[in-house]
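Worksheet: one structure, shown below.
The values are calculated or read from the model by the stated rules, or taken from the named source; none is laboratory data. Predicted, not measured: the structure shown is a model, and the values here were computed from it. For neighbour counting, all protein chains shown are included, and Cβ atoms are generated from backbone atoms with ideal geometry for every residue, glycine included. The accessibility values were calculated without ligands, DNA or RNA, using every heavy atom of the protein model including side chains. Shrake-Rupley method; radii C 1.70, N 1.55, O 1.52, S 1.80 Å.
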Amino acid sequence: MTNERIPAQHQLIAVAVIVLVTLGVYYGSLSGGFVYDDNRQIAQNPLIQERSLYGTAVVSDVWAFKSSGEVTASNYWRPTFTLWSIANNELFGIEPFGWRTSNLAIHIAAAVAAFYLLLLLGIPLMPAAVFATVFAAHPAQVESVAWISGAPSTLAGLFLLISLIFAIRSARESKGKYYLAIAVGTFLLAVGARESVVVCLPLFWLIYATNGLTDFSELKTRTKAAIYPLGLFTSAAVAFLIIRSVILGGVALPVENAPSLAEAILTAPTIFLFYLKQIFYPSILGPNYGIRAIGEIGTMSFAVPAALSAAILSFAIFFARSSPRALFGLGLFILPLLPAFYIPAFRSEELVHDRYLYFSVLGLCIMFAAMIYDRFAASMQGINFKAAFTIACFVAFLLAFRSLVYSEVWRSDEALWRHAVAVDANSATNWLQLGAALEANGKDALSEFERAVAIRPEPLALNGRARARIARNDPQNAIADAERVIATANANINAYTLFQAYEALSLALQNAGRLPEAEQRLMEARERLPIYRAALTEKIAVVLYQQNRKAEALRELESAREAAAAEMIPGSKLVFLRLGMLYAELGRRDEARRDVQRFLQATNKDRSPIMRGYRAEAEKLLKSLN
């Protein structure tokens with residue numbers, strides 16, 4: 001069943017309504033700043049800011065900038081997202097408004113694609129518009145839309161929906177081979193935005209195997225028709241995964257504090273019920289939630305959630321048997337959620353996120369729309385239909401209003417994490433992120449880091465508390481915190497976290513007047529973390545200078561020139577500033593001017609408070625040299 005006879009002007013009016021509602025819901029979030037991962041992944045990421053590094057960016061994981069790019073820093077190779085980031089940088093630089101607008105535009109396009117997908121599946125115009133609006137304005141989508149780094153979901157959503165639309169058209173129309181090529185290409189773009197999209201392959205089988213069917217009576221005889229197109233989609237997915245494993249150097253890196261596989265199995269029913277609740281009753285929304293891994297079988301912790309989940313799934317499958325399009329909706333609900341149940345891939349306090357529901361919201365909309373029109377269309381005439389439509393519009397309005405309120409939370413780091421600790425006050429992650437947000441705003445954050453350490457003394461929380469103690473002129477306790485982190489074996493800690501611990505330790509030792517010890521520990525750090533050679537050398541040179549060993553400091557800095565150019569973390573570029581300062585002090589004005597200018601050029605897009613201070617110092621020095 002299709003809606004080809006619907007007048008084009010009616011479709012355009014429906015699209016205009018979807019666009020206006022979505023704009024209204026998210027418009028207030030556009031004036032926000034960079035939030036959470038945005039600050040590093042966008043504002044301080046030279047891979048997407050320097051044109052000479054664009055090629056490296058596309059063939060690196062999205063966090064490769066945390067080193068010189070030679071070490072895999074995450075499990076995420078997302079070339080579509082990287083290319084989108086590069087395009088945004090070319091268009092908007094590091095102005096958050098442009099990035100936020102771009103992400104919203106992608107989501108609006110996805111909502112319009114959802115509307116046309118519903119029409120292709122035979123849903124009438126007005127219900128299709130309402131369900132597409134629910135998809136666009138649902139509170140579960142706020143994390144993906146109002147947060148710039150949530151763009152992998154919106155990008156994957158847009159390209160997967162386009163792929164599904166063209167797959168349906170290729171199965172139905174004479175120009176099928178051209179539409180099929182577009183479908184495979186956009187599917188690859190979707191996988192390139194979020195690799196978990198590969199689990200949606202069964203949806204394409206369903207499209208080609210059930211083309212023209214209104215029930216499943218002839219499914220076995222039609223399965224052969226799906227072999228060729230499904231083979232193309234599968235081959236594209238396999239090729240992507242092979243390239244991904246080569247670029248990342250393996251299938252996946254281990255995750256710190258991750259649950260076990262047994263815990264994943266025991267926790268799966270609770271996670272399933274949580275996601276259902278977020279779709280049907282999104283009363284509590286936040287970046288993290290208080291769901292933790294379940295370690296043993298219990299009546300209320302496992303048995304009851306498992307029985308309830310099984311009953312709900314059985315009910316959904318029973319009704320989805322009403323038609324291929326209902327089963328398609330159920331597939332779009334369940335398949336994209338499957339990777340979210342493998343919680344060994346997540347940190348222990350971050351087992352669930354709203355962004356994993358991006359496709360699933362639409363999947364349920366399609367399933368319910370199909371169920372209504374497959375089973376109850378005959379009884380939904382006149383007043384019954386009008387009443388149902390009115391109720392649906394009212395529900396869409398309530399969801400849109402909830403999203404409007406929640407999107408405001410994603411305007412700033414401090415607002416986000418103050419909200420997060422209100423949602424889950426037992427999360428060390430939430431408290432340490434709030435501490436980091438306060439610290440970035442020049443506020444005292446010791447109590448927040450104290451709360452984080454009290455819940456779980458993980459390295460990030462200890463590093464934060466060490467910095468807060470340094471700010472309070474308490475070097476001895478800061479040293480103790482940093483030493484606890486440094487005692488962690490390299491295999492059990494993120495390299496950048498370890499670097500931050502040595503950085504805090506060095507500063508605390510300097511404040512305590514223990515300069516030779518600070519020098520020794522930084523030398524140790526350089527041996528242990530060669531990927532941060534330049535950044536650590538700069539700190540060694542500062543300690544040497546404080547001991548009036550200026551010649552040694554200069555030799556150290558000059559030896560790190562090449563590494564400073566290659567390393568991508570902001571601290572490595574300080575090598576050039578320190579060289580400029582030393583050369584100026586030695587009367588070597590031309591060399592000083594050269595290196596200060598190089599520092600300013602290398603950091604011209606870094607607007608972090610710390611780097612702004614260094615840049616002001618560099619500009620003052622350069623002025624004195626001219």
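Just a few scattered comments:
- Elements of the type helices (runs of 4 or more DSSP H) sitting completely within segment 439-558 and holding at least 3 residues that are without any contact (Cβ under 8 Å) to a residue 12 or more places away in the chain: these cover 515-528.
- Filtering segment 594-614 to residues that are touching a helix residue (DSSP H, G or I) at 6+ places or on another chain (Cβ under 6 Å) and among the hydrophobic types (A, V, I, L, M, F, W, C) leaves Val596, Phe599, Leu600, Ala602, Met611.
- Flag for Ala487 being open to solvent by 70 Å² or more (accessible area, probe 1.4 Å), farther than 24 Å from Leu582 by Cα and among the hydrophobic types (A, V, I, L, M, F, W, C): yes
- Residue check for Arg607: basic (Lys, Arg) and part of a helix (DSSP H, G or I): no
- Residues that are of a type outside the set (A, V, I, L, M) and open to solvent by 70 Å² or more (accessible area, probe 1.4 Å) are absent from segment 261-276 altogether.
- Search result, residues across segment 4-45 that are of a type in the set (Asp, Glu), touching a helix residue (DSSP H, G or I) at 6+ places or on another chain (Cβ under 8 Å) and assigned to a loop (DSSP other than H, G, I, E, B): Asp37
- Only one entry of Phe159, Phe204 meets the criterion of being in contact (Cβ under 8 Å) with a residue 24 or more places away in the chain and either in a loop (DSSP other than H, G, I, E, B) or under 29 Å from Glu95 (Cα atoms) (or both), and that entry is Phe159.
- Subset of segment 504-520 (residues that are open to solvent by 40 Å² or more (accessible area, probe 1.4 Å), charged (D, E, K, R) and in contact with a helix residue (DSSP H, G or I) (Cβ under 7 Å, 6 or more places away or on another chain)): Glu517
- Number of the exception - Ala452 against (1) surrounded by fewer than 23 Cβ atoms within 10 Å (Cβ to Cβ); (2) closer than 24 Å to Arg347 by Cβ: (1)
- The set of residues from segment 582-601 being surrounded by fewer than 21 Cβ atoms within 10 Å (Cβ to Cβ) and either of a type in the set (A, V, I, L, M) or in a helix (DSSP H, G or I) (or both) comprises Ala584, Glu585, Leu586, Arg589, Asp590, Glu591, Arg593, Arg594, Gln597, Arg598, Leu600, Gln601.
- A Cβ distance below 9 Å, combined with a sequence gap of six or more or placement on separate chains, defines the contacts here; from segment 281-303, residues that are touching a residue at least 60 places away in the same chain (Cβ under 8 Å) reach residues that are open to solvent by 60 Å² or more (accessible area, probe 1.4 Å) and of a type in the set (S, T, N, Q) in the pairs Gly290/Asn426.
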